[in-house]
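What follows is a set of notes on a single structure, which appears directly below.
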Amino acid sequence: MNHLVVLGDQLTDQVGPLRTRLDGSAKFADPILIMEITGVRHEARHVQAVVLQIAALRGFAAELQGRGAPIEVIQAPTLGEALAAAHERYRPTGITLMDPAQPQDLEAIQAWSAASSTPVEVVENQLWLTTVAEWEAFKSGRKELRMEYWYRRVRSARGWLMEESAGKSEPIGGTWNLDKENRKRLAPGTDVPTPPYAAVTPLVQSVIDEVLKESSTLFGESTTLIWPTTRREALAALNAFCDDRLANFGPYEDAMSKEHEHLFHSLLSPALNLGLITPAEVCERALQTYAARSSEIPLSSIEGFIRQILGWREFMRHAYREYWREWQTDNGLNAHEELPELYWSGETKMACMSRIVKTLQRTGHVHHIERLMVLGNFALLFGVQPQQVDAWFLEAFVDALPWVVTPNVVAMSQFADLGRITSKPYICGGAYISRMGDDCKSCFYNPTESVGETACPFTTMYWEFIDRHSARFAKNPRMATQVRSWSARPAGVRKEILVRAADVRSRAKAGDL
Ligand SMILES: Cc1cc2nc3c(=O)[nH]c(=O)nc-3n(C[C@H](O)[C@H](O)[C@H](O)COP(=O)(O)OP(=O)(O)OC[C@H]3O[C@@H](n4cnc5c(N)ncnc54)[C@H](O)[C@@H]3O)c2cc1C
Ligand code: SF4
């Protein structure tokens, strides 16, 4: 009989073989093996990501043991070593596990299987909403992989937010994607409910102490941990989001605020990525909330939220399986700069960057637009080597795992693959950041200026980026207007901007931006 193996980001008894083992409908050899990979404490990660991973795993194991389940936590520096230790102890005739999110983990398992002559049964990972077969069918015959078409297909297959119209199944409201309605700026005085913050339990505190004792160089602070480490806390976070914040999620999805750092976002990514809650239950709870309160919750909120999870999250997971090897080296824009030190210290006169990096140190989290249009955008405009940007995102966030970081960073944010999954680089100058947030008001720089001492570095570097890549983007239908607008400027003006851009570069490198 096979032993059941549970990986550290599969902490669920709601779905998959662990559920069937616990409800008696499937049999596995005792004990159930949960893999705690200790090497994570010595990787370049946010201290809260490491604590969360260990505390959630140990809490999960203890909870199952409390219910009488035969659980053994196997600790080892790597997955390969954990499997070898399990083999040494139990000589399993075979193992069963859910398909790992990281293909690299599957490779390690297969290598161990071959070396130890132990058969491995890999079953569908039900922590995802969609299956590998669905992706293969979507991919078949397509020249380009785009989230929008994936989203329409998988949403239609589930009948979510769909209605019958003239005998056909159509998206409610007649539009698949209400992204254009997700761009409201937060007006001063808007009521933003505070989300519930998870308490630091004795278990979490003991893990913090253990991690700090072993690794003193991890990024970020450990005293400000607010993230769920148990299923109960994750469900409380989900309920609070649906009750208090879902209604405003859509309109303010892209807004930024100094006062309200979480705005109306769900803050569910760390719990989802560990398996503490499933994307199916998150979407179903949100859809039920919408059904019960549709007069009060705009369609743009529920559609936007479902698109993030069923659309983007699932799309990125499958795209990673597809391209993870290429993304390890892709650098189509020939970007070779070093990441400026301000990404670690937050020490800069740029108010937006400083606030965001300091928030990251404290919480390990900022929301999507801050990741894409501030942090990622500046690195792209600056021309930082994309794998270095990838490594930094993996280090600085509490919800970071390679399957989700790399597609979002190397492909989406840095456009290093020249469009495997997106059609243009996500870039902006200070005007966009000023329109969507309130950082510029108190900044040393001025978002409307592109030359001079107080010119916003985003605005200057935006035009320098267009100049640097004008030949490439002149033919891109979504970039050609900017290229034409740059070329139409008088040569003297362009020169002045490029001189200022060189100044921005040297100041960033000298730590004086
Ligand atoms: C450069 C960059 C780096 C990112 N790094 C990470 C990361 O390390 N870990 C991570 O989980 N997400 C990452 N994302 C995606 C997204 O920004 C976060 O999932 C989101 O900000 C998490 O906060 P939330 O739970 O409040 O999300 P909400 O805004 O409430 O969205 C709901 C859920 O949708 C999912 N989601 C939304 N957008 C994406 C996306 N582009 N890719 C995958 N899932 C998505 C998440 O699970 C999220 O919890 C990154 C995006 C960018 C542009
Ligand atoms: S002026 Fe520029 S650097 Fe300053 S906050 Fe605005 S966008 Fe950021």
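The values are calculated or read from the model by the stated rules, or taken from the named source; none is laboratory data. Since the model is a prediction, treat every value here as computed from it, not as a measurement. Methodologically, a virtual Cβ is constructed for each residue, glycine included, from the backbone with ideal geometry; neighbour enumeration extends over all protein chains shown. Please note that ligands, DNA and RNA were not included when accessible areas were found on the heavy atoms of the full protein model with its side chains. Shrake-Rupley method; radii C 1.70, N 1.55, O 1.52, S 1.80 Å.
The Rg/Rh ratio for the range 337-478 is 0.95, where Rg is the radius of gyration of the alpha carbons and Rh is the Kirkwood radius. Where only DSSP H runs of four or more residues are counted, the chain gives -13500 deg cm²/dmol as its mean residue ellipticity at 222 nm, each run worth -39500 (n - 2.57).
To the nearest 20 debye, what charge dipole does the range 342-510 have about its Cα centre, counting +1 at the Cβ of each Lys and Arg and -1 at the Cβ of each Asp and Glu?
480
Amide H contacts under 5 Å for Met162: Ile172, restricted to partners 5 or more places along the chain or on a different chain, H placed in the peptide plane at 1.01 Å from N. Report the net charge of residues surrounding Thr406, where surrounding means a beta-carbon distance below 12 angstrom and charges are Lys +1, Arg +1, Asp -1, Glu -1. Taking every Cβ under 12 Å from that of Thr406, the sum is -1. Applying the Karplus relation 6.51 cos²θ - 1.76 cosθ + 1.60 with θ = phi - 60° to the range 66-72 yields 3J(HN,Hα) values of x, 8, x, 6, x, 10, 10 Hz, where x marks Gly and Pro.
Here the accessible area of the range 342-510 is 57 percent carbon and sulfur, with a 1.4 angstrom probe and all protein chains present. Full extension of the chain between Asn476 and Ser216 yields a length gain of 88.9 nm, computed as 0.36 nm times the residue separation minus the alpha carbon distance. Seen from Ile34, the other residues with C-beta closer than 10 Å to its C-beta sum to a net charge of -1, counting Lys and Arg as +1 and Asp and Glu as -1.
Cα centroid separation, the range 335-351 to the range 373-447: 12 Å.
Averaged per residue, what accessible area in Å² does the chain show with a 1.4 Å probe, protein chains only?
Values: 20790 Å² over 513 residues.
Value returned for the chain: 41 Å² of accessible area per residue.
Shape call for the range 221-335 from the C-alpha gyration tensor, a ≥ b ≥ c root eigenvalues: rounded (a/c under 1.5), prolate (a/b greater than b/c) or oblate? It is prolate, given that a/c is not under 1.5 and a/b is the larger ratio. Sorting Val499, Val122 by accessible area puts them as Val499, Val122; the probe is 1.4 Å, largest comes first, and only protein heavy atoms count. Mean separation of Cα pairs under 8 Å and 6 or more residues apart, divided by the residue count, gives the chain a relative contact order of 15 percent.
Each residue of the range 81-94 was assigned a 3J(HN,Hα) from its phi angle through the Karplus curve 6.51 cos²θ - 1.76 cosθ + 1.60 (θ = phi - 60°); the sequence is 5, 5, 5, 5, 5, 5, 5, 4, 7, 10, 6, x, 6, x Hz, with glycine and proline shown as x.
Straight-line cross-link partners of Lys213 among the aspartates and glutamates, defined as a Cα under 20 Å from its Cα and at least 8 positions apart when in the same chain: Glu36, Glu43, Glu221, Glu395. Compactness of the range 267-338 is given as radius of gyration and Dmax, 17.1, 52 Å, from Cα positions.
Listed by chain and number, the aspartates and glutamates placed with their C-alpha closer than 16 angstrom to that of Lys139 are Glu148, Glu314, Glu322; residues fewer than eight positions away on the same chain are left out. The slack in the chain from Ser169 to Ala69, taken as 0.36 nm per residue of separation less the alpha-carbon distance, amounts to 31.5 nm. For the set Lys349/Lys509; Lys349/Lys424; Lys349/Lys441; Lys258/Lys349; Lys424/Lys475, the pairs lying more than 19 angstrom apart at their alpha carbons are Lys349/Lys424. Charge dipole of the range 3-123 (Cα centre as origin; +1 on each Lys and Arg Cβ, -1 on each Asp and Glu Cβ, all else neutral): 240 debye, rounded to the nearest 20. The Ser295 and Glu144 beta-carbon pair, evaluated with R₀ = 25 Å, returns a calculated FRET efficiency of approximately 0.05.
Taking amide H as placed 1.01 Å from N in the peptide plane, Leu4 has its amide H under 5 Å from the amide H of Ala29, Leu33, Thr96, each at least 5 places away in sequence or on another chain.
Here the dipole of the chain is about 1420 debye; that uses its Cα centre as origin and unit charges on the Cβ of Lys and Arg (positive) and Asp and Glu (negative). Largest first, the residues Arg91, Arg142, Arg41 sort by 1.4 Å accessible area into Arg91, Arg142, Arg41. When Rg and the Kirkwood Rh are both derived from Cα coordinates, the Rg/Rh ratio for the range 132-324 amounts to 1.01. Between Phe219 and Arg45, Val47, the built amide H atoms are under 5 Å apart, and every one of these is 5 or more places off in sequence or on another chain. One compactness figure for the chain is 1.01, namely its Cα radius of gyration divided by 2.2 N^0.38 Å.
For the range 384-393, the Karplus equation 6.51 cos²θ - 1.76 cosθ + 1.60, evaluated at θ = phi - 60°, returns couplings of 6, 4, x, 5, 6, 5, 4, 4, 5, 4 Hz by residue, with Gly and Pro reported as x. Pair-distance distribution of the range 67-219: all C-alpha pairs, bin width 5 Å, starting at 0; shares per bin in whole percent are 1, 6, 9, 10, 10, 11, 12, 12, 12, 9, 5, 2, 1, 0. Of the listed residues His318, His42, His265, His368, the order by accessible area with a 1.4 Å probe, largest first, is His42, His368, His265, His318.
Can you tell me how the range 1-147 classifies by the Cα gyration tensor, rounded, prolate or oblate, using a/c under 1.5 as the rounded cut? Because its axes are fairly even, with a/c under 1.5, the range 1-147 counts as rounded.
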